[in-house]
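Undergrad: Take this structure first; my questions come after.
Any read-out appearing in this document is the output of simple, stated calculations on the displayed coordinates, not a laboratory observation. Since this is a predicted model, take the numbers as computed values, not measurements. Here the Cβ is made from the backbone with ideal geometry for all residues, glycine too, and neighbour counts use every protein chain on show.
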Amino acid sequence: MSDVHGVRIHVKGIVQGVGFRPFVYALAQELSITGWVRNTSAGVDIELDGSGDRLESFIKALSDRAPPLARIDTISSEKIPPKGFPEFSILRSEAQEGEFQPISPDVSICMDCARELYDPEDRRFRYPFINCTNCGPRFTIIKDIPYDRPKTTMAPFSLCSDCSAEYKNPLDRRFHAQPVACPVCGPKIWYELGGEKVSEAEDALQAARRDIAFGDLVAVKGLGGFHLVCDATNKAAVEELRKRKLRVDKAFAVMMPDIETIEQHCYVSDEERSLISSHERPIVILQRRERSTIALEVAPGQDTLGVMLPYTPLHILLLDPEDGFPQALVMTSGNMSEEPIASDNQEARERLNPLVDAFLMHDRDIETRCDDSVNRIFDHEPTQLRRSRGYAPNPILLAWEGLPTLAAGTELKNTFCLTRDRYAFVSHHIGDLENFETLQAFEDGIAHFEKLFKVTPELIAYDLHPNYMATRYALERSEREGIRAIGIQHHHAHIVACMAEHGIDRSKTVAGIAFDGAGYGDDGAIWGGEFLVSNYSSYARAYHLKYVPLPGGDQAVKEPWRMAVSWLNDLGIDHEEIPQIQKKVGEERIRIVQRQVEIGLNAPLTSSVGRLFDAVASLVGIRQMVNYEAQAAIELEAIVDPDEECIYPFEVSGKIIDPSPMIRSIIEDIHRAVPVSIIAARFHNSIASMLLDICLDMRERFGTSTVVLSGGVWQNMVLLAKTVSVLRASGLEVLLHRKVPSNDGGVSLGQAVIAQSIAD
Ligand code: ZN
Ligand code: ZN
Ligand code: FE
């Protein structure tokens, strides 16, 4: 034993609450190395005595054999004199001033726990809160760091002797699993009717199942909030849920017990199967099968379904396949339209009581509410539509280190973003900042993240729109705390969000194509059809869609016919040529809007591609009014004839792309009674082809051979597929969003990175 050395190791990344210390302990035993391991606020510290060879193998195994949920960002080590440790031990966690380390998102139930859940011999048989170091709640129960039980909402549950023994045994799967619990000592479920507890434990579960099977609406408390639940195959129940939730047409998510059941109702590719079964367990948008028995009212006017697997033990028990029990349940956020998801028991009783017949409750508090994430597969890879439970607060690793920055995000689908070192912590989905509750969730969320990740912002980034609540918050805070604030153009932020998630080089300039619903332009107009020559700190507007009036502002978003009238007016075409609008809307309202357009009263100018889709959807008679954002465009996309290849023309003069010839051709096609599915296809083809022409021109003029696609319009999969295929065929490199959404949920990341780049 002459060659005993000492080493001190520091590991950074997601290494707490993921079974990292037991893994280190077992590794030390295996290699006969002595020393200790300890969680700190900055990660995991290890000190070891051992031979040079063994220490080397140890360090190599740390990253090679790390537990599945760990994400190691860095391992640093330094030689120190050997300390003569007699054994290997796990020391108490230590908080360090100012230090931080990433926190694991919530993790769906693991295979081992799922097996024990159904093992009658196991002491956690059918226990709805079974978990271990490889699974269970994390982000939603954490109040502060380091991640230890007293700093979670599990603090009030003191461990029984059996759980305590597992918790203390380094060789047990539940060693230091902070949410560890059992029927003796842990959280409990109960069933409530009219504010009264009517049953507990297994009886409560069976009562909920009985009522759901009967057609009732039940609020079920989950991981990040309450779900409103009903039988997805029961048309009347789904209709009743829509009525009570004031949600007219927007699709509901569905949970099914297993992948086999999902395959009966939807087409599932290999990539989709692994995404659905991943431990993040997002809602995945799938193509619905013709023969599916899911009520059409679940996703009216759409040929897709948003589907997820059970991700907590309670869900597994709730969906247990059985004759007479529904194959699929609607599981939609427990809120009224627009409000944030309910998370607190008393709050849920007050807010959800008018919506449901009963409550399946539990007594583990939710510290941070977190909606289900929504993903889909595009071009064999996942892409985010809503990044929340299972993903947040996993940081996006940036290509360089900048000032600690707070980006406030946007008004709709808000997320905020805090950066520190090379980490960008993009928040969970906050929602639309249109009411007091969401605004509160926004402000609380920022305070929580600043505490958890020990960030003191030295920069604040905000959207240029003066009326966004997020902008007002940013400016007030900047004023109050004397922090430098930088206004960021909305579409530049969209493009940079996509650049940042791909970590592209700082010296690079790209063609950024921001196709969006709306964003405040630097000239005060409403942008959304933008071709930007962009890098991380600046942009030039190379081309944009022609401005037309947006009659009634936000009202035009809800009433696509207004944009049709605006375009008809611009082209000098009499609206009587499109009788379907006249019939649906009425002569008088059209006249008012025409007048509004002519005198420019409450009719700001817009270059939005989203609004162009609205105009076309209205002209072809798909929809004159919408019940949720982008409904007209979604329905236009859904009817596209995939075999049609024709393209309409467009014009360019100077920086302005004028789709007038396109709209004229559409009107001609309408008059020739060309089927709507053909017109819709030609319109999509035309946008893709126009985009290609402009990108080729930009490559020639600005040397931009990389095209970045961002903005809400890119959630249109038909348009995205056509565009990507023509761009790639012409040798352009195409970057798409993967880690954050292309819609406004991704904007905060772009804002933060631009502000850092400007301040650098
Ligand atoms: Zn587990
Ligand atoms: Zn216990
Ligand atoms: Fe946007």
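Undergrad: Filter the trypsin sites (Lys or Arg not before Pro) in region 386-468 to those in DSSP coil with at most 10 other Cβ atoms within 10 Å of their Cβ, and list the result. Show your work: numbers first, answer last.
TA: Numbers: sites: R386, R387, R389, K413, R420, R422, K451, K454; in loops: R387, R389, K413, R422, K454.
Counting only loop positions with at most 10 other Cβ atoms within 10 Å, none of the trypsin sites (Lys or Arg not before Pro) in region 386-468 qualifies.
Undergrad: A follow-up question, please. Under 5 Å between amide hydrogens, which residues at least 5 positions from F378 or on another chain qualify, with H placed 1.01 Å from N in the peptide plane?
TA: Result for F378 returns T383.
Undergrad: Now for a different question. Can you give me the Cα centroid spacing of region 532-562 and region 119-190 in angstrom?
TA: Between the Cα centre of region 532-562 and that of region 119-190, the gap is 51 Å.
Undergrad: Residue farthest toward the positive end of the dipole of the chain, with Cβ of Lys/Arg at +1 and Asp/Glu at -1: which of L171, L193, N353?
TA: Positive-end residue among those listed: L171.
Undergrad: Further question on the same structure: Which order, highest average first, do 70-78, 221-229 follow once you tally other Cβ atoms within 10 Å for each residue and take the mean per peptide? Before the final figure, lay out the partial values.
TA: Details: 70-78: 15.0, 221-229: 25.9.
Ranked from most to least packed, the peptides come out as 221-229, 70-78.
Undergrad: Oh, and also: Looking only at the chain, where both bridge partners belong to it, what percent of the DSSP beta bridges are antiparallel (to the nearest 5)? Walk me through the intermediate numbers first.
TA: Details: 84 of 114 bridges.
Antiparallel: roughly 75 percent of the beta bridges in the chain.
Undergrad: Then there's this: In what sequence, highest mean first, do 573-584, 192-203 appear when ranked by Cβ atoms within 10 angstrom?
TA: 573-584, 192-203
Undergrad: Do the alpha carbons of any pairs in K83/K168; K250/K583; K188/K235 sit beyond 28 Å of each other, and which pairs? The partial results should precede the final answer.
TA: Details: K83/K168 25 Å; K250/K583 25 Å; K188/K235 32 Å.
Cα-Cα > 28 Å for K188/K235; rest within.
Undergrad: Separate question: State, to one decimal in nm², a quarter of the convex hull surface area for the C-alpha atoms of region 369-492, i.e. the direction-averaged projected area.
TA: Working: hull surface 32.6 nm².
For the Cα atoms of region 369-492, the hull's average projected area reads 8.1 nm².
Undergrad: Take the alpha-carbon positions of region 222-262, form their convex hull, and give its projected area averaged over all directions (one quarter of the hull surface) in nm².
TA: Details: hull surface 14.6 nm².
Computed as one quarter of the Cα hull surface, the answer is 3.7 nm².
Undergrad: Hey, quick one: spin label on H5, modelled 7 Å out along Cα-Cβ, who in region 53-70 has an amide N within reach, i.e. under 16 Å?
TA: Answer for this model: 53-62.
Undergrad: Based on alpha-carbon atoms only, what is the radius of gyration of region 353-428 relative to the globular estimate 2.2 N^0.38 Å?
TA: Taking the Cα Rg and dividing by 2.2 N^0.38 Å, one obtains 1.45.
Undergrad: Region 208-229 to region 37-62: how many Å between their Cα centroids?
TA: 47 Å
Undergrad: I573 to E651: extension gain in nm, 0.36 nm per residue of separation minus the Cα-Cα distance? Before the final figure, lay out the partial values.
TA: Details: separation 78, 0.36 × 78 = 28.08 nm, distance 1.82 nm.
Gain on extension, I573 to E651, equals 26.3 nm.
Undergrad: Over every pair of different alpha-carbon atoms in region 662-760, take the mean of 1/r and invert it; report that Kirkwood radius in Å.
TA: On the way: mean 1/r = 0.0641 Å⁻¹.
Kirkwood hydrodynamic radius for region 662-760: 15.6 Å.
Undergrad: Wrap a convex hull around the Cα atoms of region 717-760, take a quarter of its surface area, and give that in square nanometres.
TA: Averaged projected hull area, Cα only: 4.2 nm².
Undergrad: Still on this structure, I have one more. When Lys and Arg each count +1 and Asp and Glu each count -1, what net charge do the other residues less than 12 Å away from R115, Cβ to Cβ, add up to?
TA: My count for the surroundings of R115 gives -3.
Undergrad: A follow-up question, please. Most exposed first by the Cβ proxy, i.e. fewest other Cβ within 10 Å, how do M154, M563 rank?
TA: Working: M154 25, M563 30.
Arranged by neighbour count, lowest to highest, M154, M563 become M154, M563.
Undergrad: Rounded to a whole number, what is D in µm²/s for region 1-67 from Stokes-Einstein with the Kirkwood radius over alpha-carbon pairs (37 °C, 0.692 mPa s)?
TA: Taking Rh from Cα pairs, D becomes 273 µm²/s.
Undergrad: Still on this structure, please answer the following. Between D643 and E196, what length in nm is gained on full extension when 0.36 nm per residue of separation is reduced by their alpha carbon distance?
TA: Details: separation 447, 0.36 × 447 = 160.92 nm, distance 5.84 nm.
Taking D643 through E196 to full extension adds about 155.1 nm, to one decimal.
Undergrad: Let me ask you something else. Compute the Rg/Rh shape ratio of region 194-311: radius of gyration over Kirkwood radius, all on alpha-carbon atoms.
TA: Result for region 194-311 is an Rg/Rh of 0.98.
Undergrad: Once the Cα gyration tensor of region 449-553 is diagonalised, what are the square roots of 5 times its eigenvalues, in whole Å and ordered largest first, as equivalent ellipsoid semi-axes?
TA: Three semi-axes, in Å: 26, 20, 11.
Undergrad: Note the per residue figure in Å³ for the convex hull of the C-alpha positions in the chain.
TA: Cα convex hull per residue, to the nearest whole number: 169 Å³.
Undergrad: Along each of its three principal axes, how wide is the spread of alpha-carbon positions in region 1-125, in whole angstrom units, largest first?
TA: 53, 36, 25
Undergrad: Further question: Please compare each pair in K508/K655; K143/K221; K143/K451 to a cut-off of 21 Å on the Cα-Cα distance and tell me which ones are over it.
TA: K508/K655
Undergrad: So how strong a dipole does the chain carry about its Cα centre when Lys and Arg Cβ are +1 and Asp and Glu Cβ are -1, to the nearest 20 debye?
TA: Using only the charged Cβ atoms, the result is roughly 740 debye.
Undergrad: Which value results for Rg/Rh of region 116-268 when Rg is the Cα radius of gyration and Rh the Kirkwood radius based on the inverse mean 1/r?
TA: 1.02
Undergrad: Okay, moving on. Can you sort W567, W400, W527 from fewest to most other Cβ atoms within 10 Å of each residue's own Cβ?
TA: Lowest count first: W400, W567, W527.
Undergrad: Limiting things to C-alpha atoms, what are the Rg and the maximum Cα-Cα separation (Dmax) for region 37-79, in angstroms?
TA: When restricted to Cα atoms, region 37-79 yields Rg and Dmax of 11.0, 30 Å.
Undergrad: Further, regarding this structure: How about the chain: what cysteines have no other cysteine beta carbon under 4.7 Å from their own?
TA: C113, C132, C163, C182, C230, C266, C370, C417, C498, C646, C695
Undergrad: Neighbour counts of other C-beta atoms within 10 Å: give me D379, D148 arranged from fewest to most.
TA: Details: D379 15, D148 19.
The fewest-first ordering by Cβ neighbours comes to D379, D148.
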